[in-house]
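Laboratory data are not the source of any read-out in this text; all were calculated from the coordinates shown. From a predicted model like this one, the values you see are computed outputs, not experimental measurements. Positions of Cβ are generated from backbone atoms using ideal geometry, with glycine treated the same way; all protein chains shown enter the neighbour counts.
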Ligand SMILES: Nc1nc2c(ncn2[C@@H]2O[C@H](COP(=O)(O)OP(=O)(O)OP(=O)(O)O)[C@@H](O)[C@H]2O)c(=O)[nH]1
Ligand SMILES: [Mg+2]
């Protein structure tokens, strides 16, 4: 296979086997084994999730992915503004306390992001551990991060989340309100240490990012396609179905945290580079998006986004909206996009026309059964072919390297012997032309459609 088509794993993508299971600061635990939790939320009155049989279904799935057992009845308060002290109102806090006791749960998981104060007050009122959605997502990311890069990315996000919440850890050392005791001093020291660690990690990540940018740039000669979509939409399964990649796919949220790139043959001698990456979710903590910038580099550089949608989900349009918000955050919202309606084997057929009317540019597939894959391949083939140019190249039969490159990289539709050289008529992506030229002994033996052939100085 010609150089440039295979994407080798960079060190940042290789599993980090020796990494400690806990982060060095010891502040943020990633272990949450066999805990029993009750779910709670404050939702605005017009929240579309009230139309679902289970408004907190996604939070339940997140909890399950984090290894938490969800028990008892959920507490959902309809309320347009959060109570500044406890998020939920008094009555709902009391109800929550009763449900916790009934279910024998040790933890409450909130769907809302809680301020440090709200969380403190709730823990005091309930006498139980309180965690919020952001923390749960960070937790899942932490336990799924396998590479040195993704581990650092998660650690930065966790530490930034923990920084304003540090006080709690040291409150037991505080002698009382208004007195600066050892706890206060310890807190200052600790904040400084955390900030220092964040800076260290960011410096290390900068190196990863610069390497990634260089790597992505060198692939510029290929047409690049990125799979994006809500978590669990089936991106990795589709990647496996389209290429011979062996990417981890599972019925859990955020199964993928890194980017994998593989060559995908979409037509005769037309290969594109296909990348699979981390999934998105509603209200993805922005710190997380920021720290995963390097991982998302492929998306921002792609020529085409395949936006994978789980058509069998009760609310696929909500997911599309959430994904587009994240794309906007990373500056990829103006890209060419094709909506891939996936899991059609599990979707009621009458749903599909409705989705197709609401979303332009769609194709139906099932990554699981293979239905629609050929059509998807055809569409991508056409898109990749769109910007291609007609090129004519003359080669001496002894130019073996250039010959091999041509045959592997371009669509050749005519080959003729002309003046003791072989003339090739081919179509290829404009970005390939530079490489093609560099392989030729005589750089003028290549003509591009619409381009003036190079003149010799005496021809003017
Ligand atoms: N019925 C059905 N299930 C599918 C299909 N495609 C994927 N799945 C299932 O959906 C689940 C999620 O698949 P993944 O490929 O891991 O999803 P992902 O989008 O990569 O998820 P993250 O990496 O977690 O963001 C798995 O249990 C798959 O078996 C499909 O076409 N039909
Ligand atoms: Mg995946």
Once you sort the root eigenvalues of the Cα gyration tensor of the range 286-405 as a ≥ b ≥ c, which label holds: rounded (a/c under 1.5), prolate (a/b larger than b/c) or oblate (the other case)? oblate
Suppose R0 equals 60 Å. What FRET efficiency, 1/(1 + (r/R0)^6) with r the Cβ-Cβ distance, do residue 217 and residue 95 give to the nearest 0.05? 0.60
If you count, for each residue, the other Cβ atoms within 10 Å and average over each peptide, how do 126-133, 427-434 line up from highest to lowest? 126-133, 427-434
With label points built 7 Å along Cα→Cβ from the Cα atoms of residue 199 and residue 80, find their separation and express it in nm. 4.5
Tilt relative to the chain, helix 373-386 - C-alpha long axis, 0 to 90 degrees, to 10: 60
Check: C-alpha center the range 210-260 vs C-alpha center the range 64-110, spacing in Å is 36
Cα axis of helix 316-329 to longest principal axis of the chain: angle in degrees, 0 to 90, nearest 10? 80
How far apart, in nanometres, would the label points at residue 115 and residue 397 be if each is projected 7 angstrom from Cα along the Cα-to-Cβ direction? 8.2
Prolate/oblate/rounded call for the range 17-145, Cα gyration tensor, a/c under 1.5 rounded: prolate
Hey, what number do you get for the chain at 222 nm if only DSSP H runs of n ≥ 4 count, each worth -39500 (n - 2.57), divided across all residues, to the nearest 500? -11500 deg cm²/dmol
In degrees between 0 and 90, to the nearest 10, how far off the longest principal axis of the chain does helix 133-144 point, with axes built from Cα atoms? 50
Answer rounded, prolate or oblate for the range 219-384, using the Cα gyration tensor with square roots of eigenvalues a ≥ b ≥ c: rounded when a/c is under 1.5, else prolate when a/b is larger than b/c, else oblate. rounded
Above 43 Å lies some portion of the pair distances; for the chain, what is it as a whole percent of all C-alpha pairs? 27
What spacing in nm lies between the two simple spin-label points modelled at residue 192 and residue 368, each 7 Å away from Cα in the Cβ direction? 5.7
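Applying 1/(1 + (r/R0)^6) with R0 = 22 Å to the Cβ-Cβ distance of residue 334 and residue 378, what FRET efficiency is obtained, to the nearest 0.05? Kindly include the intermediate steps, with their values, before the conclusion.
Values: r = 25 Å, r/R0 = 1.13.
Using R0 = 22 Å, I get an efficiency of 0.30.
Assuming 0.36 nm per residue, please report the length gained on full extension of the stretch residue 425 to residue 45 beyond their Cα-Cα distance. Don't jump to the answer; show the numbers that get you there.
Values: separation 380, 0.36 × 380 = 136.80 nm, distance 6.40 nm.
Computed gain between residue 425 and residue 45 is 130.4 nm.
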Protection-proxy order for peptides 298-304, 402-408, each taking the mean of Cβ atoms within 10 Å per residue, highest first: 298-304, 402-408
How large is log10 of I(q)/I(0) for the range 387-459 at q = 0.19, 0.25, 0.26, 0.27 Å⁻¹ when the intensity is taken from the Debye formula with one equal scatterer per alpha-carbon? -0.74, -1.27, -1.36, -1.45
